[in-house]
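Asker: Structure incoming, see below.
The values are calculated or read from the model by the stated rules, or taken from the named source; none is laboratory data. Everything numeric in this text was worked out from a predicted model, so none of it was measured. Every residue, glycine among them, receives a Cβ derived from its backbone with ideal geometry; neighbour counts consider all protein chains shown. The area values use the complete protein model at the heavy-atom level, side chains included, leaving out ligands, DNA and RNA. Shrake-Rupley method; radii C 1.70, N 1.55, O 1.52, S 1.80 Å.
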Amino acid sequence: MITRRKKVMRRIHGAMFKLPLMITCEAFEDFILAYLDGELKGKQKFIFEMHLGVCRECRDYLRAYKSSMELTKATLTNSENALPETVPEDLVQAVLAARGQV
Amino acid sequence: MTLANSPEQSVSSAELPDGSDQSIESFVRSHTGWMLSLAKRILRDDSDAEDAVQTAFANIFKNLQAFDGRSTAKTWMHRIVVNQALMTLRKRRPQSEEEIDELLPVFDANGCRIEDDWANPETPEGLLQRTQTRSHVARLIDALPDSHRIVLILRDIEELSTADVAEQLNITEANVKVRLHRARAALKKLLEPLMRGDAL
Ligand SMILES: [Zn+2]
């Protein structure tokens, strides 16, 4: 039943997205990067945010997209800031030895 | 350019070694750590990463006189490490690039997004409090195809500019943007079970 309701909703959305100043989710997708980089201005930004306002799927999607970015940054940035890589002594010695040969 | 993973924000050229044994040793000791973690992130292999760092140091020493101070020394060294790691990466057997397509968002014939419901997603803050989260996320990032993974690492983690990444990978800026978005979208898909609360 849920999938049937979703199909109907998508058909309604499909018709709505053909109205002026409306874009499809597929077109919305292409603007996400620019939007997050603050590069959408004026009418483009208005159109993007209008879609966000009417489309729950894209709202959910964008939220998950941003959460995923946050997890990625936290995983690869903070963990190593908190625990700096221990410097392998043999690597230091190898670098110094190679330098000595020049 | 900001380097998120670096303990110190930048190295002025005054901090480059002056040629004495002592200055060289302390220079090597203070930079091996971040150089190694950067190389590991790109290469996903400890011993390849150590080789890359060693070669990068050789290049740094060789070009020390030519360093012109137009960027910070840290930016210059960062670039040398990335170049060296990318060179190693190119020598490996190329991976299939098609696998990322399966992870990209899906739309119906009307261009409407097909997305499962997000009832009560977990928050990143909540997830990060669990001990396994970081290693789980790190494994999923490693699973992305190299061409997209590297762009994600250089843009989102190392925080290089689009122009810098385009130059280092020898691709257009438009291509960097497409790959970054696809990498993020694919990673979002891979992280979904975790974020929906039914993984680990
Ligand atoms: Zn939408």
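Condition check ((1) at positive phi; (2) touching a helix residue (DSSP H, G or I) at 6+ places or on another chain (Cβ under 9 Å); (3) surrounded by fewer than 18 Cβ atoms within 10 Å (Cβ to Cβ); (4) part of a loop (DSSP other than H, G, I, E, B)) across all residues:
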{"site": "A:Thr3", "(1), (2), (3), (4)": "no, no, yes, no"}
{"site": "A:Arg11", "(1), (2), (3), (4)": "no, no, yes, no"}
{"site": "A:Gly14", "(1), (2), (3), (4)": "no, no, yes, no"}
{"site": "A:Lys18", "(1), (2), (3), (4)": "no, no, yes, yes"}
{"site": "A:Ile23", "(1), (2), (3), (4)": "no, yes, no, yes"}
{"site": "A:Glu26", "(1), (2), (3), (4)": "no, no, yes, no"}
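Asker: Which members of the stretch A:31-40 meet the condition of being facing chain B (nearest Cβ under 8 Å) and either under 15 Å from A:Arg59 (Cβ atoms) or open to solvent by 30 Å² or more (accessible area, probe 1.4 Å) (or both)?
Answerer: Answer for the stretch A:31-40, where residues must be facing chain B (nearest Cβ under 8 Å) and either under 15 Å from A:Arg59 (Cβ atoms) or open to solvent by 30 Å² or more (accessible area, probe 1.4 Å) (or both): just A:Ile32.
Asker: Checking the condition under 30 Å from A:Asp30 (Cα atoms), touching an Asp or Glu at 6+ places or on another chain (Cβ under 7 Å) and not acidic (Asp, Glu), which residue from B:Pro105, B:Pro94, B:Pro121 passes? Walk me through it before giving the result.
Answerer: Working: B:Pro94 fails: touching an Asp or Glu at 6+ places or on another chain (Cβ under 7 Å); B:Pro121 fails: touching an Asp or Glu at 6+ places or on another chain (Cβ under 7 Å).
None of the other options fit; the residue is B:Pro105.
Asker: Additional query: Show me the helices (runs of 4 or more DSSP H) entirely contained within the stretch A:41-87 in which 3 or more residues are over 12 Å from the mean Cα position of the chain (by Cα), at pLDDT 95 or above and more than 10 Å from chain B (Cβ to nearest Cβ). Full working, then the answer.
Answerer: Details: elements: A:42-54, A:56-73, A:79-82.
Of the helices (runs of 4 or more DSSP H) lying wholly inside the stretch A:41-87, those with at least 3 residues that are over 12 Å from the mean Cα position of the chain (by Cα), at pLDDT 95 or above and more than 10 Å from chain B (Cβ to nearest Cβ) span A:42-54.
Asker: Another question, if that's okay. Mind counting the residues in the stretch B:154-190 that are more than 22 Å from A:Phe31 (Cβ to Cβ) and touching a His at 6+ places or on another chain (Cβ under 9 Å)?
Answerer: So the count comes out to 2.
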